[in-house]
């Protein structure tokens, strides 16, 4: 079926859920999920000008997939699950290394060279080549993770399903996301950025560039090659003044060296905890 035909059916069913009972509707939903699983379709994709196109109808198909799936018992050795979603299979053929207790749901895409430590990748997510999803990191539904990214231990990349968000989280190529960072609510991290441990980026988080004589403010967006640490700023309330969390851009990764070397330099030069 052509993508335009899939899109038309998904948009129609989204507006009238009773149509999910029709075989052709279910076939369209399942067809979209299969394309996501193979990496032939994405919930968001980069344009030639560096901006991103969010494919809302694809995200809707992911949400519509849940009610047409039946709960069933699944097993992995002695471990039992009870869920609606299959897990991805045949990682050897996909060229993906998965350490025991690493789990990716069917409908997510893992490119060749991806490494999953004991971690989790949800349906609709796209994880590009050479990326490591480290121990207990999670990649939420429909999140877009670029090439050569390192999601360090305990990183939480938010999804679009619970609650439903307008846009997926985007982490572009060659970023380093430090331990216990949280990136949610459709936040966008530009290429080669370095986030130190415990940085929290939401759609409304103040991201303040303090490298110049005057602060520069961003929301929900980390510019490329930024080196970012947790910070706070003073906010006035009726009950007094309190410190509110933010993120501080304290420098830039250098362009003069290799990416791996640049990453190590950034961590050392700016005292960023990984």
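Of the residues making up the stretch 219-235, just one is in contact with a helix residue (DSSP H, G or I) (Cβ under 9 Å, 6 or more places away or on another chain) and part of a strand (DSSP E or B), namely 227.
Across the stretch 124-135, not a single residue is classified as out of contact with any strand residue (DSSP E or B) (no Cβ under 8 Å at 6 or more places or on another chain) and touching a residue at least 40 places away in the same chain (Cβ under 8 Å). For the stretch 34-46, give me the residue count where each residue is surrounded by 13 or more Cβ atoms within 10 Å (Cβ to Cβ) and either within 17 Å of the chain's Cα centre (by Cα) or not in a helix (DSSP H, G or I) (or both). Total meeting the criteria: 9. For the subset of the stretch 47-70 comprising residues that are in contact with a strand residue (DSSP E or B) (Cβ under 7 Å, 6 or more places away or on another chain) and outside any helix (DSSP H, G or I), which member is nearest to residue 84 (Cα to Cα)? If we take residues in the stretch 47-70 being in contact with a strand residue (DSSP E or B) (Cβ under 7 Å, 6 or more places away or on another chain) and outside any helix (DSSP H, G or I), then 55 is nearest to residue 84 (Cα to Cα).
In summary, residue 222 fulfils each of the numbered conditions (1) without any contact (Cβ under 8 Å) to a residue 60 or more places away in the chain; (2) surrounded by fewer than 22 Cβ atoms within 10 Å (Cβ to Cβ) with the single exception of condition (2). Looking at the stretch 150-165, which of the residues that are touching a residue at least 40 places away in the same chain (Cβ under 8 Å) and in a loop (DSSP other than H, G, I, E, B) is surrounded by the fewest Cβ atoms within 10 Å (Cβ to Cβ)? The extreme case among them is 152. Checked against (1) farther than 22 Å from residue 187 by Cα; (2) modelled with pLDDT of 95 or more, residue 138 passes all but condition (1). In the stretch 111-149, of all residues being buried (at least 21 other Cβ atoms within 10 Å of the Cβ) and part of a strand (DSSP E or B), the one that is farthest from the chain's Cα centre (by Cα) corresponds to 116.
Residues in the stretch 189-218 that are closer than 26 Å to residue 131 by Cα and not in a strand (DSSP E or B): 190, 191, 192, 193, 196, 197, 198, 199, 202, 203, 205.
Looking at 18, 76, which one is over 28 Å from residue 169 (Cβ atoms) and out of contact with any helix residue (DSSP H, G or I) (no Cβ under 9 Å at 6 or more places or on another chain)? 18 is the lone residue from the list that is over 28 Å from residue 169 (Cβ atoms) and out of contact with any helix residue (DSSP H, G or I) (no Cβ under 9 Å at 6 or more places or on another chain). Is it the case that residue 108 is over 21 Å from residue 190 (Cα atoms), touching a helix residue (DSSP H, G or I) at 6+ places or on another chain (Cβ under 8 Å), surrounded by 24 or more Cβ atoms within 10 Å (Cβ to Cβ) and touching a residue at least 12 places away in the same chain (Cβ under 8 Å)? Judged against the criteria, residue 108 is a match.
Of the residues making up the stretch 168-191, those that are surrounded by fewer than 24 Cβ atoms within 10 Å (Cβ to Cβ) and either under 12 Å from residue 225 (Cα atoms) or in contact with a helix residue (DSSP H, G or I) (Cβ under 9 Å, 6 or more places away or on another chain) (or both) are 172, 173, 174, 190, 191. If the condition is being over 22 Å from residue 67 (Cα atoms) and crowded, with 16+ Cβ neighbours inside 10 Å, then the stretch 83-96 contributes 94, 96.
Among the residues of the stretch 82-97, just one is within 24 Å of the chain's Cα centre (by Cα), farther than 25 Å from residue 45 by Cα and assigned to a strand (DSSP E or B), namely 83.
The values are calculated or read from the model by the stated rules, or taken from the named source; none is laboratory data. Given the structure is predicted, the values throughout are model-derived calculations rather than measurements. Here Cβ is always computed from backbone atoms with ideal geometry, including for glycine, and neighbour counts include all displayed protein chains.
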